[in-house]
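Any read-out appearing in this document is the output of simple, stated calculations on the displayed coordinates, not a laboratory observation. Just so it is clear, the model here is predicted, and its values are computed rather than measured. Positions of Cβ are generated from backbone atoms using ideal geometry, with glycine treated the same way; all protein chains shown enter the neighbour counts.
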Amino acid sequence: MKKGYKVTDVKREKKIGIAAENLEELIEKSLKKLGFNASCADCRLFVAEDGTQVDDDDYLATLPPQTLFILLTDKQKMVTDFDFYYNLIRSSKKDYINAGVAANEFLNTNIKDKFKVFQKYIAAADDAKTMLSERTQDPAWFEGLELSEKTKEQSMCKRVKERMRGYYYKTKTALQTSDLYVQSKNGHGKQIKTSVCVLIMVCLNVAACGTILNVTIMENIL
């Protein structure tokens, strides 16, 4: 019984639908539709999501319909969906990614020594006001802020949300103006949108209002 699958090449420039009963038929039809100048014996098929190679009919039968595959020749290297979109984002917004990497390295290198330094500053701070939360308790802290912000926690939570929106929109705009997105016939809107959310989480490791932002929350910011 034939099942429907999706196949593309390593550049993700064209995605096609294929109905096939076995691996040989799937590769043969994919070669023709994608315009590969190669034989079935010279090509390999991989699951786009995790890079698993499909090399027999038994494993192919376990995969659900509409699974996306990457068809490669022997000389090409497999790149998973995550790595592909990560590299795309990194090339267009290298400074933002590098800043996240640098911050991560800072927080994970000689953390005990840094913590000792932080403790000295904390000990020297005005502890009597540091632990205060409400505007009425520490009005100087709220100077220049909106009157609707009644607590320090509320104010800081608002700043975090504003920054996360900024990161999301800047990265999304850069991706949507890239050659890959513009030239793609099928479009990668949903894939790019999800990839942006995931990569912002991974690179920045941000926790907002006590809850780590997940993909769903990020997409609902729009």
key: Cβ-Cβ FRET estimate between residue 106 and residue 2, R0 fixed at 35 Å, reported to 0.05   = 0.05
message = To make sure I understand the rule: partners must be lysines, Cα under 16 Å from the Cα of residue 158, and not fewer than 8 residues away in the same chain. Which ones qualify?
response = 150
remark   = So the FRET efficiency between residue 19 and residue 77, C-beta based with R0 = 22 Å and rounded to 0.05, is 0.20
task = Please work out how much length the chain gains when fully extended from residue 116 to residue 165, using 0.36 nm per residue of separation minus the C-alpha to C-alpha distance, in nm with one decimal.
result = 14.3 nm
query = Once the piece of chain linking residue 133 and residue 149 is laid out straight, how much longer is it, given 0.36 nm per residue of separation minus the C-alpha distance between them?
reply = 4.7 nm
message = On a 28 Å Cα-Cα criterion, which of the cross-link pairs 2/75; 120/161; 75/172; 116/170; 15/77 come out too long?
response = 2/75; 120/161; 75/172; 116/170
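Test of the criteria: in segment 121-164, which GluC sites (Glu not before Pro) are in a DSSP loop and have at most 11 other Cβ atoms within 10 angstrom of their Cβ?
Here the sparse-neighbourhood loop sites are 143, 146.
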